[in-house]
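Quick notes on the structure that follows.
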Amino acid sequence: MKVHHLNCGTMRPPRTPDGLVCHVLLLEAANRLVLVDSGLGLRDAADPGGRFGPARYYVRPVFDESEAAIRQIEKLGYDPRDVRDIVLTHFDADHTGGLADFPWARVHLTADEAAAALRPRGLVERGRYLPTQRAHYPTLVRHAPGDGESWNGFAAAKELADIALGLVMISLPGHTRGHAAVAVDTGDRWILHAGDAFYHHGQIDGTGRVPSALTAMERFVAHDLPAVRANHERLGELWMSAGPGLLLVNAHDPHLLHRARQLATITQEQ
């Protein structure tokens, strides 16, 4: 599959010099386009309180219409109607804002994340899962990665073969109740999109200073903080052992987005 690395939303939390991106994957599958996450969407700027909630005061999103996935897909020359499936790492607002721009698309997520989004428990879940994000009544397709096989050492993985061969959902709870990572086979390498399993590359590669604003936010919103820390350790091991056949990215690190785009350019030139 050909993969485009899009930034579908810029955010500027305090004391985070490089800011944050919303790293979305656009996949060219055999007979459709597929998004991994959807970033911020066209409707967010008109109703930031209802669609983003109080978190907007901390992460300070920049609602730029040109960054919306649908606008970038149009700019690339594709028909947005060809986006038939959107695979979510989780249901936070900065990952689901673009869903309403593709109301015809099926939305794939773990069964645990769907349960959390539809029936939130506790203060954090009620603050993060906002009804306006699904006011267009998306078709939610629930998956149970634990019923599948292992992938690269992760015990609970499921290939979403009805969407595309080589598209794998991996259970990675911690940040949210049903958080997932998504792996994509591009032919010459795998791309593992770890969502919000970590915020900054320094948390897994040991380089660069991790802004304290990000670690504080991570602790505050974590559904299971020990699981978050265990995910850091596991992904750090994967980072150290991964060769050229695996590219690890996440949702918000601009450094990893830039690196992924550079590698994609080199691949296209070869």
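The values are calculated or read from the model by the stated rules, or taken from the named source; none is laboratory data. These figures come from a predicted structure and were not determined experimentally. Cβ placement follows ideal geometry from the backbone for every residue including glycine, while neighbour counts extend to all protein chains displayed. Surface areas here come from the heavy atoms of the whole protein model, side chains and all, with no ligands, DNA or RNA. Shrake-Rupley method; radii C 1.70, N 1.55, O 1.52, S 1.80 Å.
The table for this structure:
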| item | result |
| --- | --- |
| Strands (runs of 3 or more DSSP E) within region 1-63 that include 3 or more residues open to solvent by less than 20 Å² (accessible area, probe 1.4 Å), in contact with a strand residue (DSSP E or B) (Cβ under 7 Å, 6 or more places away or on another chain) and free of Cβ contacts under 8 Å to residues at least 12 places away in the same chain | none |
| Residues satisfying the stated conditions in region 65-105, i.e. more than 16 Å from residue 39 (Cα to Cα) and either outside any helix (DSSP H, G or I) or of a type in the set (A, V, I, L, M, F, W, C) (or both) | 76, 77, 78, 79, 84, 104 |
| Answer from 236, 243 - the residue that is modelled with pLDDT of 95 or more and not polar (S, T, N, Q) | 236 |
| Only listed residue being more than 25 Å from residue 220 (Cβ to Cβ) and buried (at least 24 other Cβ atoms within 10 Å of the Cβ), chosen from 91, 102 | 102 |
| Filtered residues of region 116-154 (kept if of a type in the set (Ser, Thr, Tyr) and open to solvent by 70 Å² or more (accessible area, probe 1.4 Å)) | 137, 139, 150 |
| Positions within region 173-205 being open to solvent by 10 Å² or more (accessible area, probe 1.4 Å) and within 12 Å of the chain's Cα centre (by Cα), in sequence order | 199 |
| Flag for residue 94 being touching a Pro at 6+ places or on another chain (Cβ under 8 Å) and closer than 23 Å to residue 192 by Cβ | yes |
| Residue within region 155-163 that is open to solvent by less than 40 Å² (accessible area, probe 1.4 Å) and within 27 Å of residue 101 (Cα to Cα) present | yes |
| Qualifying residue in region 145-162 (condition: in contact (Cβ under 8 Å) with a residue 40 or more places away in the chain and among the hydroxyl-bearing types (Ser, Thr, Tyr)) | no |
| Some residue of region 107-115 being in contact with a helix residue (DSSP H, G or I) (Cβ under 7 Å, 6 or more places away or on another chain), surrounded by 14 or more Cβ atoms within 10 Å (Cβ to Cβ), of a type in the set (Ser, Thr, Tyr) and assigned to a loop (DSSP other than H, G, I, E, B) | no |
| Of all residues making up region 241-253, the number that are over 19 Å from residue 24 (Cα atoms) and touching a residue at least 24 places away in the same chain (Cβ under 8 Å) | 2 |
